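> Quick one: structure below, then a few questions.
The values are calculated or read from the model by the stated rules, or taken from the named source; none is laboratory data. Note that the coordinates shown come from a computational prediction; the quantities given were computed from them, not determined experimentally. Positions of Cβ are backbone-derived with ideal geometry, glycine not excepted, and every protein chain shown enters the neighbour counts. These area figures cover heavy atoms from the full protein model, side chains too; ligands, DNA and RNA do not enter into them. Shrake-Rupley method; radii C 1.70, N 1.55, O 1.52, S 1.80 Å.
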Amino acid sequence: MTLSATPYKAPSDARRAYEKGLEAERNGKLANARKYFEHAVEIYPGFANAWFQLGTVLQKENQKDAARTAYIQATTIDTKFLPPYVSLALMAYEAENWTEVLKLTGHIVNLNP
């Protein structure tokens, strides 16, 4: 799986919020995780990993439209960071949007054959 370099570009306070969000998510505290990830992307809007994690939390909270928006934001920031493409492809699969599934999985395969 391709990793994103954006965490290394993020200011330290954005990285701290991101790390706290990961810890809160691991502990099952989704509302807290969401707040930390939202804070991280507020500080550094170019933080693709934080957008992806925010999307993951939103999806777990059954906020699919907001999750999709967060995933798309992550893909806009870093087209080589594959996890949001996988999540978007799964969402498209669940919606039976086959054209979107093919487009997203095609991008994944092109970058990670």
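> Return one number: the angle in degrees, 0 to 90 and rounded to the nearest 10, between the long axis of the Cα atoms of helix 48-60 and the longest principal axis of the Cα atoms of the chain.
80
> With springs only between Cα atoms under 10 Å, which of R26, R68, R16 fluctuates most in a Gaussian network model of the chain?
R26
> Turning to a different aspect of this structure: How far is helix 98-111 tilted off the main Cα axis of the chain, in degrees rounded to 10, range 0 to 90?
70
> In degrees between 0 and 90, to the nearest 10, how far off the longest principal axis of the chain does helix 30-43 point, with axes built from Cα atoms?
90
> Note down the nm distance, to one decimal, between modelled labels 7 Å out along Cα→Cβ at E42 and at L30.
2.1
> What is the percent carbon and sulfur in the accessible area of the chain, measuring with a 1.4 Å probe over the protein chains and ignoring ligands?
Taking all protein chains in place, the chain shows 52 percent carbon and sulfur surface.
> Calculate, for the chain, the solvent-accessible area per residue in square angstrom, rolling a 1.4 angstrom probe over the heavy atoms of the protein chains.
Values: 6580 Å² over 113 residues.
On a per-residue basis, 58 Å².
> What residue among Q73, Q63, Q53 has the largest mean-square fluctuation in a Gaussian network model of the chain, using Cα springs under 10 Å?
Q63
> In addition: What is the sum of charges around I108, taking Lys and Arg as +1, Asp and Glu as -1, for the other residues whose C-beta is under 14 Å from the C-beta of I108?
Details: positive: K80, K103; negative: D78, E100.
The answer is 0.
> Moving on. Over the chain, what relative contact order in percent results from Cα pairs under 8 Å that are six or more residues apart?
Values: 147 pairs, mean separation 25.8, N = 113.
It comes to 23 percent, rounded to a whole number.
> Just how many pairs of Lys in the chain have C-alpha atoms closer than 19 Å, counting pairs that are eight or more places apart or on different chains?
Lysine pair count for the chain: 10.
> Enter the per residue convex hull volume of the chain, computed from alpha-carbon coordinates, in Å³ rounded to the nearest integer.
Numbers: hull volume 10.1 nm³, N = 113.
Hull volume normalised by residue count: 89 Å³.
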